[in-house]
Amino acid sequence: MTEMLQPLMPWLHNIFGEDVDWKQVFLIGMSPLFLLAFMAEFVVERKRGHAGNFCWKEIVANLSLGASYQVFEALMWLLLTGGIFAWVYEHRLFTIPVNGWTILPIFVGTEFCYYWFHRTSHRVRWFWAAHVPHHSGETMNFTTAMRQSVLNAFVGTFVFYLPLVWLGVPPAVVMFCLAVDLAYQYFVHTEAVGRFPAWYEHVFDTPSNHRVHHGRNPEYIDKNYGGVLILFDRWFGTYVEERAKVDYGITQQIRSYNFLVLNVHEMVDMLRDVFSPGPWGQRLKHLVMPPDWQRPGHKPVRTWETEGR
């Protein structure tokens with residue numbers, strides 16, 4: 001991989017330091033394709049009479065969240081994350097070669113890590129505080145995939161991929177596999193596609209499978225966490241098939257398109273819950289319990305306007 005990009009390496013090293021963040025390099029490089037795909041999706045859906053799937057205030061918010069996420073992830077890799085990955089790799093248990101025999105198991109391993117990162121991000125409020133911007137959109141189109149938070153690196157989502165590095169997979173390879181995983185997911189955020197053949201729906205994440213994941217319908221909440229594969233959901237009991245029409249958004253829907261509010265509203269509310277009067281043992285549970293957990297005798301804080309569903 002580095003040999004193919006050798007002419008660009010000095011420029012990349014100037015930006016990312018010695019340990020290049022291949023995840024961000026790949027995703028930034030894919031951005032023009034992402035935008036072209038969105039424009040094609042818009043044309044097709046408008047011709048079908050589905051222009052209501054595109055709220056332009058929300059699309060602008062999606063793009064701003066995506067752009068800031070890419071910049072902040074690159075910055076955090078340079079300042080902190082890259083050094084952590086390099087240190088863990090120096091203390092690895094084995095040295096796993098990267099070749100035609102190992103790349104597929106490594107990718108599946110990355111997907112396994114992603115599944116548990118994603119599941120934890122829905123069931124532990126500390127991580128949900130960074131993941132919630134991705135789910136607060138009330139329409140579904142390709143730009144919804146760009147709804148990412150600048151808090152991702154801050155809350156420590158990268159720790160879910162460190163076990164692969166500790167086992168002996170080079171950090172660059174883990175990050176590149178994760179980038180491919182995330183790039184694939186861009187194309188499952190759409191209503192322009194119905195269902196794929198049954199065998200494909202059974203093995204892979206698809207627009208149908210992923211629409212479920214974004215639903216606030218009671219039967220859809222916290223389901224279908226897979227990125228490229230849906231097999232782990234089937235094996236661990238978190239799979240649900242799309243049946244009822246999906247109602248997009250979150251159960252306490254934030255009423256804002258403001259970039260800053262979308263990024264921090266859940267983190268602010270969580271910290272205000274923690275520092276509200278009460279026993280510290282109960283207050284600290286706001287960090288580790290699911291987002292809908294309520295402390296006895298405490299009314300959840302809502303700093304900004306929300307609408308319950």
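Quick one: how many residues across region 170-187 are part of a loop (DSSP other than H, G, I, E, B) and within 17 Å of PHE117 (Cβ to Cβ)?
0
Restricting to region 237-255, name every residue that is among the hydroxyl-bearing types (Ser, Thr, Tyr), under 20 Å from THR306 (Cβ atoms) and part of a loop (DSSP other than H, G, I, E, B).
In the first step, residues of region 237-255 are kept if they are among the hydroxyl-bearing types (Ser, Thr, Tyr); the result is 238-239, 248, 251.
Cutting the leftovers down to under 20 Å from THR306 (Cβ atoms) gives us 248, 251.
Passing the criteria: only THR251.
State the number of residues belonging to region 87-117 that are under 24 Å from ALA183 (Cα atoms) and either touching a residue at least 12 places away in the same chain (Cβ under 8 Å) or of a type in the set (A, V, I, L, M) (or both).
Here the count works out to 15.
Would region 215-230 turn up any residue that is out of contact with any Pro (no Cβ under 6 Å at 6 or more places or on another chain), assigned to a helix (DSSP H, G or I) and among the hydrophobic types (A, V, I, L, M, F, W, C)?
no
Is region 151-169 home to any residue that is assigned to a loop (DSSP other than H, G, I, E, B) and among the polar types (S, T, N, Q)?
No, that holds for no residue.
Looking at THR120, THR95, which one is in a loop (DSSP other than H, G, I, E, B), surrounded by fewer than 21 Cβ atoms within 10 Å (Cβ to Cβ) and either under 16 Å from the mean Cα position of the chain (by Cα) or of a type in the set (Ser, Thr, Tyr) (or both)?
THR95
Based on this model, can you work out whether PHE196 counts as among the aromatic types (Phe, Trp, Tyr), assigned to a loop (DSSP other than H, G, I, E, B) and either touching a strand residue (DSSP E or B) at 6+ places or on another chain (Cβ under 6 Å) or farther than 30 Å from ASN99 by Cα (or both)? Let's see the steps before the verdict.
Numbers: among the aromatic types (Phe, Trp, Tyr): yes; assigned to a loop (DSSP other than H, G, I, E, B): yes; either touching a strand residue (DSSP E or B) at 6+ places or on another chain (Cβ under 6 Å) or farther than 30 Å from ASN99 by Cα (or both): yes.
So PHE196 passes the test.
Only one residue in MET146, MET140 is in contact with a strand residue (DSSP E or B) (Cβ under 6 Å, 6 or more places away or on another chain) and surrounded by 21 or more Cβ atoms within 10 Å (Cβ to Cβ), so which one is that? Write out each step before concluding.
Numbers: MET146 fails: in contact with a strand residue (DSSP E or B) (Cβ under 6 Å, 6 or more places away or on another chain).
It is MET140.
The numbers here are math on the coordinates, done by the rules we state, and not lab data. The structure displayed is predicted, hence computed values, not measured ones. Because the Cβ atoms are built from the backbone with ideal geometry, glycine has one as well, and the counts that use them run over all protein chains shown.
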